[in-house]
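The structure's right below; bear with me while I get my questions together.
Bear in mind that the values in this text are calculations on the coordinates, not laboratory data. Not measured: the values here are computed from a predicted model. Heads up, the Cβs are rebuilt from the backbone with ideal geometry, glycines too, and the neighbour counts pull from every protein chain shown.
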Amino acid sequence: MTATIRSICCIGAGYVGGPTMAVIADRCPQIQVTVVDLNAERIAAWNDADLSRLPVYEPGLDAVVGRCRGRNLHFSTAVEAAIAAADMVFLSVNTPTKTRGVGAGQASDLRWIEASARQVAACAQNHTIVVEKSTLPVRTAATIQAILGASRDKSFSVLSNPEFLAEGTAIQDLEHPDRVLIGGEDPAAIDALAAIYSQWVPAERILRTNLWSSELSKLTANCFLAERISSINSIAAVCEATGADVQEVARAIGADSRIGAKFLKAGPGFGGSCFQKDVLNLVYLCGHYGLHEVAAYWQRVVDLNAWQQHRIAQLVVQRLFGTVTAKRIAVLGFAFKADTNDTREAPAIRICRDLLEEGAQLAIHDPKVSEAQIAADLGRDGVGSWQRVESPIAAAEGADAVLILTEWQQYAELDWPALAAVMRQPAWLFDARAIADAPRARAAGLQVWRVGRG
Ligand code: NAD
Ligand code: UGA
């Protein structure tokens, strides 16, 4: 018989935990959902009466939270009480790349997963289904099972249920997922979780696998997506060298149904908290299992990405007569992609750092990223300097170049005659996202470089 879940606890109120639980609460009003976090400031922001101040910016999230919060969706720092009350606990904590010790720079740091598993072991009552929502190395479920198994008076089932949402489209991805993946060994627990999703996801989209396939499928999906971006960026460089146009090449190859049209936009390289982390995690796992050729294959995806970012910084310097020292450059976009305030691993960080190292004065605009966040990412040391400005026109004032690094829709609609009028001539537009109206910029007197256009 399928256990009926009445109470869910989610440990981790981040980019995944918050939106995922909000959608579950919205679609399952009969279930009480409590999202807990150690970070009291983050929880307070989730509880802010002003829905425009939620800690995660996602189109549509405010409406979902507005419908459920206080009804069956709760945000709290009372971790132990929420675990004790739950039939099902999601682990949605951060799993960044280790920075020290064995595997530093590649392996995932599992200290938060382990800590939350120990909390579940200590606080759970009755039988509890524990769901891995975080992205984890293959066989982490065995570690979690071992930790939980040490509490002899309690019983647990561990499931893997990786999350495939992309930031900026999280609500849409959660409400209409291509698939939901559930890995596990306990059919009753799998049924219980499937029953939750079946409230809004068609049955044929709920896939069941064993635990290890589920854990590996999540890493593999991100590795394939990251590889596609490195592939198209490598071709962008060939286009620039040969006179081909990467947008035309992408359209031509994307028309082949075996290749498909999505995820073929050349740009400043992939950012975000996960692609690099997950590829490196696979590289580490392959090394661990002695699969060194496989590890080297995937490592190149990350190397090409870093190369693309340094390449863009270098070509800006080259085009600006070989020096940007004391030159003002308008940087448009700091988030790792449009429609998010997230800057983790944003291409802008590496590119701005390179330009600062060359002595540039950056005027940075982003509609959603705060000055404090940019300061955390760039610091204040170094040769050049940066300031955050409120509008693209303020950024362009006195600048030798505009450099577009995030594909915010407003950058597609820039008033180039107005921008050109306040820039220092000769002036450049470097469009690393191929989003600007290049003919208008050219007509306004700017020289234009666009990624992947020879
Ligand atoms: P995040 O850093 O935004 O949120 C994680 C939260 O967990 C933090 O607020 C942290 O304070 C909290 N936390 C850590 N340990 C805790 C503990 N013991 N008790 C209570 N709270 C604790 O991370 P995220 O972006 O939400 O990612 C979470 C996981 O989901 C990662 O494994 C990531 O790879 C995966 N993932 C992320 C995305 C994405 O788009 N961000 C998409 C799919 C999967
Ligand atoms: C990605 C995956 O798309 C999600 O399925 C996955 O759940 C998530 O990682 C995760 O595990 O964290 P996300 O990083 O939020 O989602 O955003 P993407 O839309 O995948 O973009 C990642 C990066 O690739 C961005 O910097 C984006 O600008 C870049 N990108 C994307 C391109 O340069 N070209 C493209 O064609 C697509």
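For the charge dipole of the chain, defined by +1 on Lys and Arg C-beta atoms and -1 on Asp and Glu C-beta atoms about the Cα centroid, which residue among Thr325, Ile11, Cys28 has the Cα displaced farthest towards the positive pole?
Comparing the listed Cα positions along the dipole, Thr325 ranks first.
While we're on this one: In debye, nearest 20: dipole of the range 7-209 around its Cα centre with unit charges on the Cβ of K, R (+) and D, E (-)?
380
Additional query: Of Ala221, Ala296, Gln276, whose Cα points farthest to the positive end of the dipole of the chain (charges on the beta-carbon: +1 Lys, Arg; -1 Asp, Glu; origin at the Cα centre)?
Going by the Cα projections, it comes out as Ala296.
Please work out the C-alpha center-to-center distance from the range 53-103 to the range 164-214 and express it in whole Å.
Computed from Cα coordinates, the inter-centre distance equals 18 Å.
Can I ask one more? Taking the Cβ of each residue in Tyr289, Tyr411, Tyr297 as the centre, tally the other Cβ atoms inside 10 Å and list the residues starting with the fewest.
Ranked by crowding around the Cβ, least crowded first: Tyr289, Tyr297, Tyr411.
Rounded to the nearest 20 Debye, what is the dipole magnitude of the range 213-269 about its Cα centre when Lys and Arg each give +1 and Asp and Glu each give -1 at the C-beta?
Roughly 200 debye, rounded to the nearest 20.
For a quick check of your reading of the filter: which GluC sites (Glu not before Pro) in the range 112-218 sit in a DSSP loop and have no more than 14 other Cβ atoms within 10 Å?
Passing both the DSSP loop test and the Cβ count: Glu185.
Calculated FRET efficiency, His292 and Val238, Cβ-Cβ r, R0 22 Å, to nearest 0.05?
0.20
Which trypsin sites (Lys or Arg not before Pro) from the range 345-393 combine a DSSP loop assignment with at most 14 other Cβ atoms within 10 Å?
Arg380
How large is the helix-only mean residue ellipticity at 222 nm for the chain, computed as the sum of -39500 (n - 2.57) over DSSP H runs with n ≥ 4, divided by its residue count, in deg cm²/dmol to the nearest 500?
-13000 deg cm²/dmol
Same structure again: Could you calculate the contour length gain from Gln387 to Arg139, that is, 0.36 nm times the residue separation minus the distance between their Cα atoms, to one decimal place in nm?
Here the answer is 84.8 nm.
Quick one: putting +1 on the C-beta of Lys and Arg, -1 on the C-beta of Asp and Glu, what dipole do you get for the chain around its Cα centre, in Debye to the nearest 20?
360
Turning to a different aspect of this structure: Could you put Tyr197, Tyr15 in order, starting from the residue whose Cβ has the fewest other Cβ atoms within 10 Å?
Least to most surrounded, the residues fall as Tyr197, Tyr15.
Would you work out the Kirkwood radius for the chain? I mean one over the mean of 1/r across all pairs of different Cα atoms, in Å.
For the chain, inverting the mean 1/r across all distinct Cα pairs yields 23.5 Å.
Taking the Cβ of Leu414 as the centre, find all other residues whose Cβ is under 11 Å away and add up their charges (Lys, Arg: +1; Asp, Glu: -1).
After counting each charged neighbour, the total is -3.
Something else now. Near the amide H of Asn341, under 5 Å away, which other amide H atoms are found, from residues 5 or more places off or on another chain, if H is placed in the peptide plane?
Amide H neighbours of Asn341: Tyr57.
Could you calculate the FRET efficiency of Gln172 with Ser257 from 1/(1 + (r/R0)^6), where r is the beta carbon distance between them and R0 is 25 Å, rounded to 0.05?
According to the calculation, E is roughly 0.60.
Sticking with this structure for a sec: What residues have an amide H closer than 5 Å to that of Leu73, excluding those fewer than 5 places away on the same chain, when H is modeled at 1.01 Å from N in the peptide plane?
Amide H to amide H, under 5 Å and 5 or more residues apart or across chains, Leu73 pairs with Val33.
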